[in-house]
Amino acid sequence: MTLKLFAAPMSSATPVVHAIAELGLECDTVMLDLSSGEQKSPAYLAINPHGVVPTLAVDGTPLFEALAIMQWLGEHHGVGRGLWPAAGTPQRLVALSWTTWAYVSYGALVSVLNYAQSPQADERLHHAPLAAEALSRLDAALGRLDAHLAKSRWLLGEDFSLADLIVASVVTYSTYCGVGTDGHAHLGRWLQDFQSREAFRRTWGMDAQAE
């Protein structure tokens, strides 16, 4: 099986790059220059009609959307490495639930927050009351995640998994957008453990930032 990833530095593709590093997979990675519009080229649109990253070509067949890619990586490469629960187990259901929640439910609130207050968004879309409401709902969502993490070190138990990588990547991104984690001690400890992993520091550029 051959893998070819189309990505960009510090983008939605970064968690996928991180997942591939944690799995120790051989993968041909092509970094696109988003600022020059390489993701909108006819050649790239032929494999991803949405013109965004990431896209993972599996034996030449494209798979897009970061969550789908990482869940696929878990299913096909993570089980044998102890980084994804086996099919038919209760833990597989937990992994699918939390990872989808992170990208769909929690991620949607982060998008609302960004439109309502981000300097990257058109100021005409800014709306302080909407931003405050989004922040309140995001804090409540993190409270539920914190309660789950009070039961064990990682999402699925005492061992790190790709479920942690997927969910923690979204939560980490949300902190860049202004979401606070104060008052969620278990969540804070979990994020610190996640961000201390060597593969995280390497793929998210933490080492370079620390120099």
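Any idea how many residues of the stretch 161-181 are under 16 Å from ALA66 (Cα atoms) and either in contact with a Cys (Cβ under 9 Å, 6 or more places away or on another chain) or of a type in the set (A, V, I, L, M) (or both)?
8
Could you grab me the full set of residues in the stretch 166-200 that are open to solvent by less than 40 Å² (accessible area, probe 1.4 Å) and of a type in the set (A, V, I, L, M)?
Correct list: ILE166, VAL167, ALA168, VAL170, VAL171, VAL179, LEU187, LEU191, ALA199.
Only one residue in ALA163, ALA87 is at pLDDT 95 or above and open to solvent by less than 40 Å² (accessible area, probe 1.4 Å), so which one is that?
Details: ALA87 fails: open to solvent by less than 40 Å² (accessible area, probe 1.4 Å).
Sole residue among the options that is at pLDDT 95 or above and open to solvent by less than 40 Å² (accessible area, probe 1.4 Å): ALA163.
Take the residues in the stretch 30-71 that are in contact with a helix residue (DSSP H, G or I) (Cβ under 7 Å, 6 or more places away or on another chain) and of a type in the set (Val, Ile, Thr), then tell me which one is farthest from ARG197 (Cα to Cα).
Residues of the stretch 30-71 in contact with a helix residue (DSSP H, G or I) (Cβ under 7 Å, 6 or more places away or on another chain): 32, 38, 44, 51-54, 56, 63, 66-67, 69-71.
Then keep just the ones that are of a type in the set (Val, Ile, Thr); that gives 52-53, 69.
Details: VAL52: 27, VAL53: 24, ILE69: 21 Å.
The extreme case among them is VAL52.
Filter the stretch 90-109 down to residues that are of a type in the set (A, V, I, L, M) and under 30 Å from THR61 (Cβ atoms) and give me whichever is most open to solvent (accessible area, probe 1.4 Å).
Here the answer is LEU93.
State all residues of the stretch 77-121 that are touching a residue at least 60 places away in the same chain (Cβ under 8 Å), more than 16 Å from ALA141 (Cα to Cα) and under 14 Å from the mean Cα position of the chain (by Cα); if no residue qualifies, say none.
Across the stretch 77-121, the qualifying residue is only ALA95.
What residue, among those in the stretch 128-138 that are open to solvent by 50 Å² or more (accessible area, probe 1.4 Å) and touching a residue at least 12 places away in the same chain (Cβ under 8 Å), is farthest from GLY74 (Cα to Cα)?
The extreme case among them is ALA128.
Could you grab me the full set of residues in the stretch 1-46 that are open to solvent by less than 70 Å² (accessible area, probe 1.4 Å), among the small types (Gly, Ala, Ser) and over 26 Å from TRP84 (Cβ atoms)?
Selection gives GLY37, SER41.
Could we say that ALA141 is among the hydrophobic types (A, V, I, L, M, F, W, C), surrounded by fewer than 19 Cβ atoms within 10 Å (Cβ to Cβ), within 18 Å of the chain's Cα centre (by Cα) and under 23 Å from GLN71 (Cα atoms) here?
No; evaluated as a whole, the condition is false for this residue.
Has the stretch 13-24 got at least one residue that is more than 21 Å from GLN195 (Cα to Cα) and in contact (Cβ under 8 Å) with a residue 12 or more places away in the chain?
So in the stretch 13-24, the residues more than 21 Å from GLN195 (Cα to Cα) come out as none.
Scanning the stretch 13-24, I find no residue that is more than 21 Å from GLN195 (Cα to Cα) and in contact (Cβ under 8 Å) with a residue 12 or more places away in the chain, so the answer is no.
Could you tell me how many of the residues in the stretch 47-66 are among the aliphatic types (A, V, I, L, M) and crowded, with 19+ Cβ neighbours inside 10 Å?
Residues flagged as among the aliphatic types (A, V, I, L, M) and crowded, with 19+ Cβ neighbours inside 10 Å within the stretch 47-66 amount to 5.
The values are calculated or read from the model by the stated rules, or taken from the named source; none is laboratory data. Note that the structure is a prediction, hence the values are computed from the model and not measured. Cβ coordinates were reconstructed from backbone atoms using ideal geometry, including for glycine residues, and neighbour counts include every protein chain displayed. Surface accessibility is based on the protein's heavy atoms, side chains included, excluding ligands, DNA and RNA. Shrake-Rupley method; radii C 1.70, N 1.55, O 1.52, S 1.80 Å.
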